[in-house]
Amino acid sequence: MKDQQTLILDSNKIEKIVKRIAFQIYENNAVETDLFIAGIWDRGYHLAEMMARELTEISPIKTHLLRIDIDKQDPVSSEVKMDKPVTTVENQRVILVDDVLNTGRTLFYALEPFMNISLQKLEIAVLVNRSHACFGVYPQYTGYELATTLEEHIHVSFEEEPKGVFLR
């Protein structure tokens, strides 16, 4: 039997949410000339790319994309890797991006590379916040707040059809 799923956000709604978050980021960082957007691979990175494109369209801020690789199933035992040296963001403003915030575990461990350098500011942006915070990680930018049970699953599809956010 195929998984039952309910469409929560279609691609048009996702685009509107990304535009809104980009405006919020711009408002909070309007005096900056550079901003680093670090996306957690893979869907968080795709969302970060969308936000960077939108910021480039609406503001003079120069955006720099960073890719963070982390084993979401076993973040404790795996090394968190970035596609650029962490010193690239030293004394900069960073927006850490992921698609779904469930318990906060992935974002908590994804912060590890930034712990031993000085940053001006680090903020978190997520497309969907499920509100099951167990790790004390809270986003400054949330696209959609959705109360779910722990048994339910949120699937975000940027690449394959149909595109959107689904509740399974």
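The numbers here are math on the coordinates, done by the rules we state, and not lab data. Everything numeric in this text was worked out from a predicted model, so none of it was measured. In this analysis, Cβ positions are derived from the backbone assuming ideal geometry, glycine residues included, and neighbour counts consider all displayed protein chains.
Structure data summary
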read-out: Fewest-first sequence of MET50, MET82 by Cβ atoms within 10 Å of each Cβ; value: MET82, MET50
read-out: Relative contact order computed over the stretch 1-118 (Cα-Cα under 8 Å; 6+ residues apart), in percent; value: 27
read-out: Distance violations [Cα-Cα > 23 Å] among LYS13/LYS62; LYS16/LYS163; LYS19/LYS62; LYS81/LYS121; LYS19/LYS121; LYS62/LYS121; value: LYS13/LYS62
read-out: Size of the stretch 103-168 as Cα extents on the principal axes (Å, biggest first); value: 41, 26, 17
read-out: Calculated from backbone phi, Karplus (6.51, -1.76, 1.60) coupling profile of the stretch 139-146 in Hz, x at Gly/Pro; value: x, 7, 10, 10, x, 8, 9, 9
read-out: Candidate values [x] 17.3; [y] 11.8; [z] 10.0, label of the one derived for mean projected area of the Cα convex hull in nm²; value: [z]
read-out: Built amide H within the under 5 Å cut-off of VAL97, gap 5+; value: ALA38, GLY39, ILE40, ALA125
read-out: Distance between the stretch 13-66 and the stretch 82-137 - C-alpha centres, whole angstrom; value: 14
read-out: Residues TYR45, TYR144, sorted so that the one with the fewest Cβ neighbours within 10 Å comes first; value: TYR144, TYR45
read-out: Positive-end residue of TRP41, LEU7, VAL80, charge dipole of the chain with Cβ unit charges; value: LEU7
read-out: Degrees, to the nearest 10: 43-58 long Cα axis against longest axis of the chain; value: 60
read-out: 222 nm mean residue ellipticity, helices alone, for the chain (DSSP H n ≥ 4; -39,500 (n - 2.57); rounded to 500); value: -7500 deg cm²/dmol
read-out: Proxy reagent accessibility, fewest Cβ within 10 Å first, across GLU90, GLU151, GLU32, GLU57; value: GLU151, GLU57, GLU90, GLU32
read-out: Degrees separating the helix 11-28 axis from the principal Cα axis of the chain, which is the longest one; value: 30
